[in-house]
Amino acid sequence: MSADYQQISDSLVKIYSNILRIEESELRKSQFNNLTIQEMHAINAISMYEHKTASQVAKELHLTPGTLTSTIDRLVKKGYVERIRSKDDRRVVRLGLTKKGRVEYRAHAAFHEKLVKQFLQGFNDEEVGVILQALRNLESFMDEHS
């Protein structure tokens, strides 16, 4: 492996670890300090206005339905998520964010916006396109292996 490849590999590992550490730290200092990282990511996956099913959210987060059910139970109890029965088919239950959940969603989105702005600082549109392609390649690799 060339020195550039090794440096990129090392950077990816460090970045992944640091993002999780910083998210955890910011979460502990915020008004949402009763959430875990997993719960915060579940809120993000449920999304602002889409009412997804638990199966859709579990698939997106690569969690088993049982693990997600436990997470959703805790988020409902904490007031971030609500279960919404379909009017068309009462057997179908969708997940939605409460007002408190939407506030947390926006705060988490703001963190990611700052992260991306800092990451892209100093790059022109063409260079951003190259970065975007590299990230798509990485995403594709990860999708194949998950």
Need one number: convex hull volume per residue for segment 1-55, Cα atoms only, in Å³. 122
Checking the cross-link filter: which lysines have an alpha carbon closer than 25 Å to that of Lys59, excluding same-chain neighbours under 8 positions apart? Lys77, Lys78, Lys87, Lys99, Lys100
Output the peptides 19-25, 105-111, 134-140 sorted from most to least packed, where packing is the average of other Cβ atoms within 10 Å over each peptide's residues. 105-111, 19-25, 134-140
In whole Hz, what ³J(HN,Hα) sequence does segment 51-62 give by Karplus (6.51, -1.76, 1.60; θ = phi - 60°), x for Gly and Pro? 9, 7, 7, 4, 4, 5, 5, 4, 5, 4, 8, 6
Among Gln56, Gln31, Gln121, the residue with the largest mean-square fluctuation in a Gaussian network model of the chain built from Cα contacts under 10 Å is Gln121
What ³J(HN,Hα) values, in whole Hz, does the Karplus curve 6.51 cos²θ - 1.76 cosθ + 1.60 give for segment 7-21 when θ = phi - 60°, with x put for Gly and Pro? 5, 5, 4, 4, 5, 4, 5, 5, 4, 4, 4, 5, 4, 4, 5
With unit charges on the beta carbons (Lys and Arg positive, Asp and Glu negative) and the dipole taken about the Cα centre of the chain, which residue among Ser86, Ala109, Asn124 sits farthest to the positive side? Ser86
With the crude spin-label approximation of a point 7 Å out along Cα→Cβ, what separation in nm comes out for Ser25 versus Ser9? 2.7
Give me D for segment 1-108 in µm² s⁻¹, whole number, from Stokes-Einstein with Rh from the Kirkwood sum over alpha-carbon pairs, 25 °C and 0.890 mPa s. 161
In whole Hz, with x marking every Gly and Pro, tabulate ³J(HN,Hα) for segment 115-129 from phi via Karplus 6.51 cos²θ - 1.76 cosθ + 1.60, θ = phi - 60°. 4, 5, 4, 5, 4, 8, 4, x, 9, 8, 4, 5, 5, 4, x
Two decimals, Cα atoms only, Kirkwood Rh: what is Rg/Rh over segment 70-111? 1.07
Taking the simple approach of a point 7 Å from Cα along Cα-to-Cβ for both Asp88 and Lys100, what is their distance in nm? 3.1
Mind grabbing the base-10 log of I(q)/I(0) for segment 77-139 at q = 0.15, 0.16, 0.25, 0.29 Å⁻¹? Debye formula, identical points on the C-alpha positions, no solvent, two decimal places. -0.71, -0.74, -1.01, -1.14
Quick one: putting +1 on the C-beta of Lys and Arg, -1 on the C-beta of Asp and Glu, what dipole do you get for the chain around its Cα centre, in Debye to the nearest 20? 1180
First select every other residue whose beta carbon is under 11 angstrom from the beta carbon of Tyr80; then total the charges, Lys and Arg +1, Asp and Glu -1. +3
Explain nothing, just the number: dipole magnitude of segment 55-136 about its Cα centre with +1 on each Lys and Arg Cβ and -1 on each Asp and Glu Cβ, in debye rounded to the nearest 20. 760
Please calculate how many Å² of accessible area the chain carries per residue, with a 1.4 Å probe and no DNA, RNA or ligand atoms counted. 72
Quantify, in whole percent, the carbon and sulfur part of the accessible surface of segment 32-99 (1.4 Å probe; protein heavy atoms only). 51
Between His145 and Asn124, what is the label-point separation in nm under the 7 Å Cα-to-beta-carbon projection? 3.4
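The values are calculated or read from the model by the stated rules, or taken from the named source; none is laboratory data. Values in this document were obtained by computation on a predicted structure and should not be read as measured data. Neighbour counts run over all protein chains shown; Cβ positions are idealised from the backbone, glycine included. Note: accessible area is taken over every heavy atom of the protein model, side chains too, but ligands, DNA and RNA are not part of it. Shrake-Rupley method; radii C 1.70, N 1.55, O 1.52, S 1.80 Å.
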